[in-house]
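Got a structure for you, questions after.
The values are calculated or read from the model by the stated rules, or taken from the named source; none is laboratory data. Note that the structure is a prediction, hence the values are computed from the model and not measured. When we count neighbours, we look across all protein chains shown, and the Cβ atoms used for this are built from the backbone with ideal geometry, even at glycine. Note: accessible area is taken over every heavy atom of the protein model, side chains too, but ligands, DNA and RNA are not part of it. Shrake-Rupley method; radii C 1.70, N 1.55, O 1.52, S 1.80 Å.
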Amino acid sequence: MKSIYIYGASGHGLVVADIAKTCGYENIIFIDDGENNYPSFDEIKDNNGIPIVFGVGVNTVRKKLFEKVESAGFEIVTLVHNTATIASSVAIGKGTVVMPHVVINAKSTIGNGVILNTSSVIEHENIIGDFAHISPNSAFGGDVKVGELTHIGIGSSVIQCLTIGQNCIVGAGSVVVSSIENNKLCYGNPCKVIKELK
């Protein structure tokens, strides 16, 4: 029986578990460091023969867990739902989860620990940085770059040839028509910077 650990038993973890099943994993083992009935990472860290993926939606937390798990010698796997459409020239990093009906077009690069959420569209030659989260129904034109740890809100659109920096939050439903520097909270149509993030 093919087994996998899912680190994080939140609602996001439940969605990741369903995707794991479409990828052929029959034995789903949740682990969580919170106060619940799941084993913690410390309880399973010596059993690193089972691969692991992350069920945590918060980018900074997911990055910390990724680094901890990697240093403990676990295989970190990538999960791609069987309804996703991915061009043959796309590169996807480890620990990334590609959810139902996502489209990733030619020569795009997706980093480690990324969430490409339901029905998001990543056009040609995009670069999505490590531990970014692209929310459901977001659409990117060609040659867009998104920095590490950035969160793009539900239903946002980004026109072609823009850069969104590291550690940014783009609010739901935004229309991004100009590049955004690092560490910015922004939203609206057109998307405007609201404040600096630490």
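Considering only residues of segment 154-168 that are surrounded by fewer than 19 Cβ atoms within 10 Å (Cβ to Cβ) and either touching a Pro at 6+ places or on another chain (Cβ under 8 Å) or touching a residue at least 24 places away in the same chain (Cβ under 8 Å) (or both), which is nearest to ALA17 (Cα to Cα)?
Here the answer is ILE154.
Which is in contact with a strand residue (DSSP E or B) (Cβ under 6 Å, 6 or more places away or on another chain), farther than 18 Å from GLU148 by Cβ and of a type in the set (Ser, Thr, Tyr), of THR85, THR109?
Exactly one of THR85, THR109 is in contact with a strand residue (DSSP E or B) (Cβ under 6 Å, 6 or more places away or on another chain), farther than 18 Å from GLU148 by Cβ and of a type in the set (Ser, Thr, Tyr), namely THR85.
Can you tell me which residues in segment 1-23 are under 13 Å from PRO100 (Cα atoms), over 14 Å from the mean Cα position of the chain (by Cα) and in contact (Cβ under 8 Å) with a residue 24 or more places away in the chain?
ALA17, ALA20, THR22, CYS23
For segment 58-92, which residues satisfy the criterion of being surrounded by 13 or more Cβ atoms within 10 Å (Cβ to Cβ), in contact with a Ser or Thr (Cβ under 7 Å, 6 or more places away or on another chain) and assigned to a loop (DSSP other than H, G, I, E, B)?
Within segment 58-92, THR78, HIS81, VAL90 meet the criteria.
Only one of (1) farther than 19 Å from MET99 by Cα; (2) touching a residue at least 12 places away in the same chain (Cβ under 8 Å) fails for LYS192. Which number is that?
So LYS192 meets the others, but not (2).
Evaluate the following for ILE6: is it at pLDDT 95 or above, open to solvent by 30 Å² or more (accessible area, probe 1.4 Å) and not hydroxyl-bearing (Ser, Thr, Tyr)?
Considered against the rule, which asks whether it is at pLDDT 95 or above, open to solvent by 30 Å² or more (accessible area, probe 1.4 Å) and not hydroxyl-bearing (Ser, Thr, Tyr), ILE6 comes out as no.
If you don't mind, another one. Name the residues in segment 151-198 that are of a type in the set (A, V, I, L, M, F, W, C) and part of a loop (DSSP other than H, G, I, E, B), would you?
ILE154, ILE159, CYS161, LEU162, CYS168, ALA172, VAL177, CYS191, LEU197
Are any residues in segment 125-137 in contact with a Leu (Cβ under 9 Å, 6 or more places away or on another chain) and open to solvent by less than 40 Å² (accessible area, probe 1.4 Å), and if so, which ones?
Hits for segment 125-137 are ILE128, GLY129, PHE131, ALA132, HIS133, ILE134.
Next up: Within the set of pairs 6 or more residues apart or between chains, which connect a residue that is within 20 Å of SER10 (Cβ to Cβ) inside segment 32-49 to a residue that is of a type in the set (Phe, Trp, Tyr) and open to solvent by 80 Å² or more (accessible area, probe 1.4 Å) with Cβ atoms less than 8 Å apart?
Taking only residues 6 or more apart or on different chains, the pairs are ASP32/TYR38.
Here's something else I'd like to know. Considering segment 11-27 alone, what residues qualify as being closer than 17 Å to ILE76 by Cα and of a type in the set (Gly, Ala, Ser)?
Within segment 11-27, GLY13, ALA17, ALA20, GLY24 meet the criteria.
Pairs only if they're at least six apart or on different chains, beta carbon under 6 angstrom, first in segment 103-115 and in a strand (DSSP E or B), second open to solvent by 40 Å² or more (accessible area, probe 1.4 Å) and at pLDDT 95 or above; list them, first residue then second.
Partner pairs satisfying both residue conditions: VAL103/THR85; VAL103/VAL121; ILE104/ILE86; THR109/ALA91; THR109/ILE127; ILE110/ILE92.
Taking segment 104-124, which residues are buried (at least 18 other Cβ atoms within 10 Å of the Cβ) and not polar (S, T, N, Q)?
Correct list: ILE104, ILE110, GLY111, GLY113, VAL114, ILE115, LEU116, VAL121, ILE122, GLU123, HIS124.
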